[in-house]
Amino acid sequence: MKKTLITIVALLVLVLVFAACNPRTTDDDNDNGNNGIENGNGGGNDTAGGVSPMEAMNALMERFPQHINTGAAHVPGTTFMYGIGLPEPFVGMVGGAIFHDRGEDATVATLLGSSSSIVSMNEFFQMGQDGIATFEYDLEENSITFTMQHDVYWHDDTPLTMADLVFTYEVLASPDYTGIRRTREIEGIVGFLDFANGEADSIEGLVLSNNDRTLTIYMYELPMTVLYFSLWTSPMPRHIFEDIPVAQMASHPAVLSNPIGWGPFMIEHIVPGDAFHMVANPNYVFGAPQIENLIVERFNPTQAGELMEAGRFDIMAFPRDLYRYHQNASNITFLSAPSNEFYYISFRLGNWDDDNRVNVYNPDRLMAQLGADVRRAMAYALDEQTFTQIVFEGLRFPAPSIAPPNHMALIDQTVPGFRHDPARANQILDDAGLTERDADGFRLMPDGSPLTINWAMSIWPMDEERVAFYTQRWNEIGLRVVLWQGRLHDRNYLLDALDFDSYYGSGDEIHIAHDRFIVGANPNPDGMWGHTQWNPSRYTSPEYDAILERMTSVEAWDAAYLQQVFSDWQWYWYNNVPAIPLSWTINLTALNSRVTNWDTRAGVGFTGNIHNWSDIGLSAEQPNRN
């Protein structure tokens, strides 16, 4: 019973039909102090003015175009300047498909083609049939087959084959692989764990044929999430990496200083931490780029507007908080795209068990001791509607759910979220036993000891304003919240501390953390909120794990079942509050007026496919100035 794109689209239509679910209350399933708290304050998860999140997103999208084509001729010999706002140096892990974990490195890796998928992505964020390979799946055989449709070469002219993808899975299975790309779905490949445990010489469920141009992957159960890239589809060059010990790969020149891919641009040289100088790949499978030279360069994001107006860059992801000051610049076109980015505050509720590669709930952590009621009160204290309206002029809006906004059809519109309600927050804290206060008016622990909550926060535009705004709101309900170590931190330093528990595993120094997350196409939250080092809360429970397992079950091929389990996950998260959802947004791209063609639509533009570089040109020798 083989299926392809027609069935996939039909599945999405059914999901849209079942997009409304009934509200309900679930009991707290861990310690978490949730004593039958009712779900929200009524009225569903509307944003300000009674507008649903979907309506708010659509209204934002309508303010900006998603595609421009000026029709102007390309000027040969010009250099495309790609700006990336980053207050700290690039990590630079751009080679090999499975090592980078930063968005800025992912941008370079996509241009390079070192992280590019063999299949395309369609407008529904699902696998498409326009890549270098097509696919078919078979529910009776629990298999999916990828077949190459093009002759593709790595930048050193070595042919790319499906054997490269098999090798990538073997690296993912290695006990020395410490990255974050190994998922529950990947471990469901027949024989994957046997190979990982040293009980087999190969992964039984990976079957090559047709001169290594076809790969069939057999699974114990074929999850619906395979349609959303839950299996790894980005090969790494076997001939480059096969003689490098897995433990040394992430720090090897093949990843950091001399990477190759199969994409539209090749590395010419790297300025460590600051810039990547690239040249066009004349053998690119989808047509050589018109642009001969491309430079990806880091800049301070607070200077984004001035640099764009001065003609320093041709393109950048533009900070929403700066848009108001530069929206009328004559040399800039602003394009929008549905965002797969969301912002949150996580509560640290456990620790990472590196030996077993799982998160372990720890009831001794401060935010676990305080329970879900206190975490809920902290959520109600915040006023994200006011903050986003003042700082971002509506280009962000409060997120009612921890679910990512790029899968709006799966989001349960009845989950109410946490509207600003300080009176309710105060009552919750009183009911939780935090009634005694010190001389400064801050609440004490039930045993009378001081209560101080340490907040980890990175250096980023508007974060100082966010710290001041949020701290005031928490102070108003009697909670003393202070910055961890008394300051903002370099984001790379902070993410390492959070991902690897560098300053957390041996104690309880970090209690809450603020960050953003950019999700991939897969709606399954297991990759961020499951047993992964990326899980910033470290939250887990048997009941929660069961929900995540249902998402990858064969039953989830049924649209109603998938909608229900995704709703169950959102309600469970709402009731237990491992994190506070803050805001959703749109992606805002600033484009210099000399760029002749650009497309941000999912499945069509740069983010979905990388076919269209042969159509992109520059109509002037230098970027235009305002």
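The values are calculated or read from the model by the stated rules, or taken from the named source; none is laboratory data. Only a predicted model underlies this, so the values are computations on that prediction, with no experimental measurement involved. Glycine also receives a Cβ, built like all others from the backbone with ideal geometry; neighbour counts cover every protein chain displayed. Side chains are part of the model used for accessible areas, which takes the heavy atoms of the whole protein and leaves out ligands, DNA and RNA. Shrake-Rupley method; radii C 1.70, N 1.55, O 1.52, S 1.80 Å.
Here are the numbers for the structure shown:
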| read-out | value |
| --- | --- |
| Cβ charges +1 (Lys, Arg) and -1 (Asp, Glu), total dipole of the stretch 409-468, debye | 140 |
| Charged-residue dipole, Cβ positions (Lys, Arg, Asp, Glu), the chain about Cα centre, Debye nearest 20 | 1720 |
| Projected label distance in nm at S202 and N356, using a 7 Å step from Cα toward the beta-carbon | 3.4 |
| Per residue, in Å², the accessible surface of the chain once ligands and nucleic acids are set aside, probe 1.4 Å | 37 |
| Förster-model FRET efficiency, 56 Å R0, S614 and W534, C-beta, rounded to 0.05 | 0.95 |
| The stretch 327-443: C-alpha gyration tensor shape, a/c 1.5 cut-off, then a/b vs b/c | oblate |
| Quotient of Cα Rg and 2.2 N^0.38 Å for the stretch 362-426, N being how many residues it contains | 1.33 |
| Alpha-carbon spread of the stretch 137-296, three principal axes, descending order, Å | 48, 34, 27 |
| Alpha-carbon centroid distance for the pair the stretch 124-154 / the stretch 529-556, whole angstrom | 27 |
| Å³ per residue enclosed by the Cα convex hull of the stretch 50-103 | 223 |
| Area accessible to solvent at L366, 1.4 Å probe radius, in Å² | 20 |
| Of the GluC sites (Glu not before Pro) in the stretch 532-624, those whose Cβ has at most 11 other Cβ within 10 Å and which sit in DSSP loop | E621 |
| Charge context of F80, other residues only, Cβ under 15 angstrom, K/R +1, D/E -1 | -4 |
| Fraction in percent of alpha-carbon pairs per bin - 5 Å, the stretch 49-178 | 2, 7, 10, 13, 16, 16, 14, 10, 7, 3, 1, 0 |
| Hypothetical label at E187: residues of the stretch 543-559 whose amide nitrogen lies under 16 Å (7 Å Cα-Cβ projection) | 543-553 |
| Relative contact order of the chain, defined on C-alpha pairs under 8 angstrom at six or more residues apart (%) | 25 |
| Of the GluC sites (Glu not before Pro) in the stretch 167-228, those whose Cβ has at most 10 other Cβ within 10 Å and which sit in DSSP loop | E199 |
| Summed residue charge, Cβ within 12 Å of N626's Cβ, Lys/Arg positive, Asp/Glu negative | 0 |
| Overall Cα dimensions of the stretch 454-587 - principal axes, largest extent first, Å | 49, 32, 31 |
| Relative compactness, the stretch 388-481, computed as alpha-carbon Rg over 2.2 N^0.38 Å | 1.34 |
| Backbone HN-Hα couplings from phi across the stretch 55-65 [Karplus 6.51/-1.76/1.60, Hz, Gly and Pro as x] | 5, 5, 5, 5, 5, 5, 4, 6, 6, 9, x |
| Distance between modelled label sites at E465 and D430, nm, 7 Å Cα→Cβ extension | 3.5 |
| Fraction of the pair-distance distribution of the chain above 49 Å, Cα-Cα pairs, percent | 10 |
| Virtual paramagnetic centre 7 Å along Cα→Cβ of I518, amide N under 11 Å, in the stretch 90-105 | 101-105 |
| Additional length obtainable on full extension of the chain from L444 to T302, 0.36 nm per residue less Cα span | 47.2 nm |
| By average C-beta atoms within 10 angstrom, highest first, the peptides 302-311, 106-115 | 106-115, 302-311 |
| On Cα atoms only, tilt of 162-173 relative to the major axis of the chain in degrees | 30 |
| Portion, in percent, of the accessible area of the stretch 331-457 that falls on carbon or sulfur, probe 1.4 Å | 47 |
| Relative contact order computed over the stretch 142-271 (Cα-Cα under 8 Å; 6+ residues apart), in percent | 32 |
| Q385-T452 pseudo-label distance in nm [points 7 Å out on the Cα-to-Cβ vector] | 3.5 |
| J(HN,Hα) series, the stretch 178-185, from Karplus relation 6.51 cos²θ - 1.76 cosθ + 1.60, nearest Hz, glycine and proline x | 10, x, 10, 8, 7, 10, 4, 5 |
| Residue-span extension gain [E62 to V271] - 0.36 nm each, minus C-alpha spacing | 71.4 nm |
| Given charges at Cβ of Lys, Arg, Asp, Glu: the stretch 226-332 dipole, positive-most of N283, Y325, N258 | Y325 |
| Cα centroid of the stretch 236-250 to Cα centroid of the stretch 305-327, whole Å | 39 |
